[in-house]
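*Asks:* Handing you a structure now.
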Amino acid sequence: MSAGRFAPSPSGDLHVGNLRTAVLAWLLAHATGRKFVLRIEDLDRARARDPRPQLEALRAIGLDWDGPVHVQSRHVARFDAAIDDLRRRGLVYECWCTRREIVEAVRAPHGIPGQYPGTCRHLTEVQRAARRRERPGALRLRADVARETVHDLLHGAWTGPVDDLVLRRADGTPAYNLAVVVDDAHEDVDQVVRGDDLLASAPRQMMIARLLDLPTPVYAHVPLVVDDQGRRLAKRGGAVTLPRLAARGVTPVAVLALLLHSLGGAVDQTAVDAAVDTGEPAALLAAAVASLELARLPRDPWTFHAPGDEAPAVR
Ligand code: GLU
């Protein structure tokens with residue numbers, strides 16, 4: 001059975017923007033008869049924290065998942081196998097460029113910001129051997145196209161540039177783009193709902209999937225949640241997590257009701273009051289699945305005012 005998913009990085013408490021994405025991913029998966037998979041993306045070991053508070057937050061707003069929680073750091077053999085497959089087909093090369101070298105190279109004429117300029121693509125075997133003696137290199141994929149078009153339920157056909165992206169970092173860590181593609185395919189995920197800060201990654205991921213002969217999922221990149229100043233929410237940016245909101249008397253179910261409302265759903269106030277009174281979100285979620293309409297999903301960022309905060313002065 002195919003699946004939708006939520007794939008947080010365990011870098012701290014989920015904020016309302018993360019929770020809103022999770023709610024939409026859950027609703028869309030259920031409205032389309034899919035399973036819902038939860039995956040902890042903990043490859044960045046330096047930033048990885050205990051994921052349990054994130055799981056508790058999801059449960060508190062009524063979200064559940066099918067099967068065990070998938071933990072990405074346990075899938076390294078899977079990522080290695082995918083890299084080996086690409087390598088056997090001559091699609092991988094080593095790269096020793098530093099961040100600074102890449103920034104300087106893209107500033108040069110013909111450089112495209114955000115795009116790896118291909119510096120190490122054409123090294124000779126002798127040059128490679130010399131660099132290997134100095135330090136380990138990263139592995140990059142030889143991109144076979146300059147752009148890809150993805151199909152997104154909210155953005156339509158969206159074309160973005162692709163480049164020789166990193167598959168494995170110099171410290172041996174599999175790169176995000178590769179890990180997401182391989183894990184999604186392995187976990188039968190064919191519907192990817194996530195923040196639209198990752199929209200530009202979708203063409204890259206599509207190229208990886210194509211080269212690995214894996215299916216491309218349906219995408220829905222959700223507009224971000226911003227604060228009163230139009231800044232993207234940050235976990236440390238005030239009352240934006242469930243524990244911080246609970247300290248102001250805002251319950252998880254009240255937060256869920258707010259999120260459902262922000263997603264364009266017709267939220268019945270009597271049902272909300274009953275759910276808040278009982279602390280039981282299931283009925284709200286079931287009604288939201290039944291009434292979910294793609295056309296009503298917001299295309300613009302949502303400004304979050306923490307309940308209890310003064311509304312910003314109108315100038
Ligand atoms: N782990 C990523 C994040 O928390 C999301 C990856 C994805 O959904 O593809 O930002």
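*Asks:* Tell me which residues, restricted to segment 1-13, are under 24 Å from Ala246 (Cα atoms) and either more than 9 Å from the ligand (Cβ to nearest atom) or free of Cβ contacts under 8 Å to residues at least 60 places away in the same chain (or both).
*Replies:* Matches in segment 1-13: Pro8, Ser9, Pro10, Gly12, Asp13.
*Asks:* When you scan segment 239-253, how many residues do you find that are under 17 Å from Gly62 (Cα atoms) and crowded, with 18+ Cβ neighbours inside 10 Å?
*Replies:* 7
*Asks:* For Val145, are the conditions met, namely being farther than 30 Å from Phe304 by Cβ, among the aliphatic types (A, V, I, L, M), surrounded by fewer than 16 Cβ atoms within 10 Å (Cβ to Cβ) and in contact (Cβ under 8 Å) with a residue 40 or more places away in the chain?
*Replies:* Yes.
*Asks:* Now, a different point. Report, by residue number, each residue of segment 161-186 that is among the charged types (D, E, K, R), away from the ligand (no atom under 12 Å from the Cβ) and farther than 16 Å from Asp44 by Cβ.
*Replies:* Asp163, Asp164
*Asks:* Could you grab me the full set of residues in segment 177-225 that are of a type in the set (Lys, Arg) and buried (at least 20 other Cβ atoms within 10 Å of the Cβ)?
*Replies:* Residues satisfying the conditions are Arg194, Arg204.
*Asks:* Next question. How many of the residues making up segment 14-49 are over 17 Å from the mean Cα position of the chain (by Cα) and modelled with pLDDT of 95 or more?
*Replies:* Selection size over segment 14-49: 6.
*Asks:* Do we find that Leu63 is under 23 Å from Ala288 (Cα atoms), out of contact with any strand residue (DSSP E or B) (no Cβ under 6 Å at 6 or more places or on another chain) and within 16 Å of the ligand (Cβ to nearest atom) in this structure?
*Replies:* yes
*Asks:* Among the residues of segment 31-38, are any under 21 Å from Ala275 (Cβ atoms) and within 14 Å of the ligand (Cβ to nearest atom)? Steps first, answer last, please.
*Replies:* Narrowing segment 31-38 to residues under 21 Å from Ala275 (Cβ atoms): 31, 36.
Narrowing further to those that are within 14 Å of the ligand (Cβ to nearest atom): 36.
For segment 31-38, residues under 21 Å from Ala275 (Cβ atoms) and within 14 Å of the ligand (Cβ to nearest atom): present.
*Asks:* So which residues in segment 16-30 are more than 11 Å from the ligand (Cβ to nearest atom) and under 20 Å from Ala239 (Cβ atoms), if there are any at all?
*Replies:* Hits for segment 16-30 are Val16, Leu19, Arg20, Val23.
*Asks:* Let me ask you something else. Condition first: more than 11 Å from the ligand (Cβ to nearest atom) and farther than 13 Å from Ala25 by Cβ. Now tell me which residues in segment 205-218 satisfy that.
*Replies:* Filtering segment 205-218 down to residues more than 11 Å from the ligand (Cβ to nearest atom) leaves 206-216, 218.
Of everything in segment 205-218, those that are more than 11 Å from the ligand (Cβ to nearest atom) and farther than 13 Å from Ala25 by Cβ turn out to be Met206, Met207, Ile208, Ala209, Arg210, Leu211, Leu212, Asp213, Leu214, Pro215, Thr216.
*Asks:* Sticking with this one: Give segment 296-315 a look and list any residue that's within 26 Å of the chain's Cα centre (by Cα), modelled with pLDDT under 90 and aliphatic (A, V, I, L, M), or say none.
*Replies:* Matches in segment 296-315: Ala306 only.
*Asks:* Tally up the residues in segment 259-283 that are part of a loop (DSSP other than H, G, I, E, B), modelled with pLDDT of 90 or more and exposed (fewer than 15 other Cβ atoms within 10 Å of the Cβ), please.
*Replies:* So the first thing to find is which residues in segment 259-283 are part of a loop (DSSP other than H, G, I, E, B), and the list is 263-268, 279-281.
With the extra rule that they be modelled with pLDDT of 90 or more, the set shrinks to 263, 279-281.
Those still in the list that are exposed (fewer than 15 other Cβ atoms within 10 Å of the Cβ) too: 279-280.
Qualifying residue count, segment 259-283: 2.
*Asks:* If I filter segment 69-85 for residues that are without any contact (Cβ under 8 Å) to a residue 40 or more places away in the chain and touching a helix residue (DSSP H, G or I) at 6+ places or on another chain (Cβ under 9 Å), do I get at least one hit?
*Replies:* Yes - at least one qualifying residue is present in segment 69-85.
*Asks:* A further question on this structure: Only residues that are farther than 17 Å from Asn177 by Cβ and in contact with a Ser or Thr (Cβ under 9 Å, 6 or more places away or on another chain): list them for segment 98-123, please.
*Replies:* Answer for segment 98-123, where residues must be farther than 17 Å from Asn177 by Cβ and in contact with a Ser or Thr (Cβ under 9 Å, 6 or more places away or on another chain): Glu101, Ala105.
*Asks:* In addition: Answer with yes or no whether Ala200 is within 16 Å of the ligand (Cβ to nearest atom), within 30 Å of Ala48 (Cα to Cα) and out of contact with any Asp or Glu (no Cβ under 9 Å at 6 or more places or on another chain).
*Replies:* Numbers: within 16 Å of the ligand (Cβ to nearest atom): yes; within 30 Å of Ala48 (Cα to Cα): yes; out of contact with any Asp or Glu (no Cβ under 9 Å at 6 or more places or on another chain): yes.
Judged against the criteria, Ala200 is a match.
The values are calculated or read from the model by the stated rules, or taken from the named source; none is laboratory data. Bear in mind that the values here come from a model prediction, so they are computed numbers and not experimental data. Because the Cβ atoms are built from the backbone with ideal geometry, glycine has one as well, and the counts that use them run over all protein chains shown.
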